[in-house]
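**Q** Mind having a look at this structure? Questions to follow.
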Amino acid sequence: MKLGFDVDDTLIDLRQHAFHLYNEKLNKKIGLDVFEALSTMEIHEPFGLSPEEGKAMWSKWRKEIYFTSCPPFPGAVEALQELARQGHEVYYITARPKEHCEQTRQWLHENGFPVQNHHFFCGMSDSEKVHIIRDLGLDYYFDDKPNVLQTLSELPLKIYVKDRSYNKHLDVPRLTSWSELKEIVNQP
Ligand SMILES: [Mg+2]
């Protein structure tokens, strides 16, 4: 089977990693309970930043956010390795900016994700993901972002939302933990 995965906040806990970095850079100690209660994808608000300041903060530290020690979600690496071992095709479809694509592919590989040649797609806009997903003929696709998932409802594949605080309103099958993946894929 062919399975596609978004990267940030689907396979890896990027926002929480960024939240820790913001605390460090801004010399704050805002608790994880605040992070976990956020109803927005953006994380700037608890730091007292305006949307513009939030954007500037993210841009300034983007490389550090992406390429330091952002942890994968528990079980994500193992679940994808297991899929690859079973002969399934694993694809990554990430809208990270083009200039960070090659390093992102490398980072995934170094952090244990199975990355095959030509199975890594990067640098598109959110609204372009649907075309790649359709052209690949994926059987499954996993993402966290409401704006992306809402573009996929016409496609003949199974979509899952990675459960996060800002996507609770979506009426899409939900993956809470990567330990559930095996069961999803082995469903008749
Ligand atoms: Mg994402």
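Bear in mind that the values in this text are calculations on the coordinates, not laboratory data. Keep in mind the model is a prediction, meaning the values are calculated, not measured. Note: ideal-geometry Cβ built from the backbone for every residue, glycine included; neighbour counts use all protein chains shown.
**Q** Report the percentage of all Cα-Cα pairs in the stretch 70-188 whose separation exceeds 18 Å, rounded to a whole percent.
**A** So the pairs more than 18 Å apart make up 54 percent of the total in the stretch 70-188.
**Q** Moving on to the next point. Taking the Cβ of each residue in Ile65, Ile93 as the centre, tally the other Cβ atoms inside 10 Å and list the residues starting with the fewest.
**A** Numbers: Ile65 20, Ile93 25.
In order of increasing Cβ crowding within 10 Å: Ile65, Ile93.
**Q** Rounded to the nearest 20 Debye, what is the dipole magnitude of the chain about its Cα centre when Lys and Arg each give +1 and Asp and Glu each give -1 at the C-beta? Present the calculation step by step, with values, prior to reporting the outcome.
**A** Working: 22 positive and 29 negative charges, 48 e Å.
Dipole about the Cα centre, nearest 20: 240 debye.
**Q** Could you check the simple spin-label distance between Lys168 and Glu53, using points 7 Å along Cα→Cβ, in nm with one decimal?
**A** Between Lys168 and Glu53, the label points sit 2.7 nm apart.
**Q** Taking R0 as 45 Å, what's the FRET efficiency between Glu99 and Asn186 from their Cβ-Cβ distance, rounded to 0.05?
**A** Calculated value: 0.70.
**Q** Could you tell me what a quarter of the Cα convex hull surface of the stretch 1-103 works out to, in nm² with one decimal place?
**A** Details: hull surface 30.1 nm².
The Cα convex hull of the stretch 1-103, projected and averaged over all directions, gives 7.5 nm².
**Q** Scan around Phe5 for amide H atoms under 5 Å from its own, H built in the peptide plane at 1.01 Å from N, and keep only partners 5 or more places away or cross-chain.
**A** Amide H to amide H, under 5 Å and 5 or more residues apart or across chains, Phe5 pairs with Tyr91, Tyr92, Ile93, Phe142.
**Q** Based on the Cβ-Cβ distance from Met1 to Thr40, what FRET efficiency comes out when R0 is 41 Å, to the nearest 0.05? Working shown, then result.
**A** Numbers: r = 34 Å, r/R0 = 0.82.
Computed FRET efficiency for Met1 and Thr40 comes out at 0.75.
**Q** Using the Karplus equation 6.51 cos²θ - 1.76 cosθ + 1.60 (θ = phi - 60°), what ³J(HN,Hα) coupling, rounded to whole Hz, does each residue of the stretch 83-90 give in order, writing x for Gly and Pro?
**A** Computed from phi, the couplings for the stretch 83-90 are 4, 4, 4, 7, x, 6, 9, 9 Hz.
**Q** Once you compute Rg and the Kirkwood Rh from C-alpha atoms, what is the Rg to Rh ratio for the stretch 1-59?
**A** Working: Rg = 13.1 Å, Rh = 12.5 Å.
That ratio is 1.05, to two decimals.
**Q** Further, regarding this structure: What value, in deg cm²/dmol to 500, does the helix sum -39500 (n - 2.57) over DSSP H runs of n ≥ 4 give at 222 nm once divided by the residues of the chain? Write out the running numbers ahead of the final one.
**A** Working: 8 runs with 71 residues, N = 188.
Helix-only estimate at 222 nm: -10500 deg cm²/dmol.
**Q** So, one more: Going down the table (Lys63/Lys145; Lys28/Lys60; Lys2/Lys63; Lys25/Lys162; Lys29/Lys98; Lys63/Lys98), which pairs top 24 Å between alpha carbons?
**A** Numbers: Lys63/Lys145 21 Å; Lys28/Lys60 18 Å; Lys2/Lys63 30 Å; Lys25/Lys162 28 Å; Lys29/Lys98 33 Å; Lys63/Lys98 13 Å.
With Cα atoms farther than 24 Å apart: Lys2/Lys63; Lys25/Lys162; Lys29/Lys98.
**Q** Can you sort Cys122, Cys70 by how many other beta carbons sit within 10 Å, fewest first? Could you put the intermediate results ahead of the total?
**A** Numbers: Cys122 17, Cys70 21.
In order of increasing Cβ crowding within 10 Å: Cys122, Cys70.
**Q** With viscosity set to 0.890 mPa s and temperature to 25 °C, compute the Stokes-Einstein D of the stretch 137-188, Rh being the Kirkwood radius across alpha carbon pairs; µm²/s, no decimals. Intermediate results must be reported in sequence, preceding the final value.
**A** On the way: Rh = 11.5 Å.
D = 213 µm²/s.
**Q** Hey, if you put +1 on the Cβ of every Lys and Arg and -1 on every Asp and Glu Cβ in the chain, which of Ala56, Phe121, Leu149 ends up farthest toward the positive end of that dipole?
**A** Highest projection toward the positive end goes to Ala56.
**Q** Provide the gained length on full extension for the span Arg134 to Ser153, in nm with one decimal, where the gain is 0.36 nm per separating residue minus the Cα-Cα distance. Walk me through the numbers before you get to the answer.
**A** Details: separation 19, 0.36 × 19 = 6.84 nm, distance 1.13 nm.
Separation in residues times 0.36 nm, less the Cα-Cα distance, equals 5.7 nm.
**Q** Here's something else I'd like to know. Which listed residue (Phe47, His20, Ile65) has the Cα farthest towards the positive end of the charge dipole for the stretch 14-67, taking +1 on Lys and Arg C-beta and -1 on Asp and Glu C-beta about the Cα centre?
**A** Looking along the dipole axis, the top candidate is Ile65.
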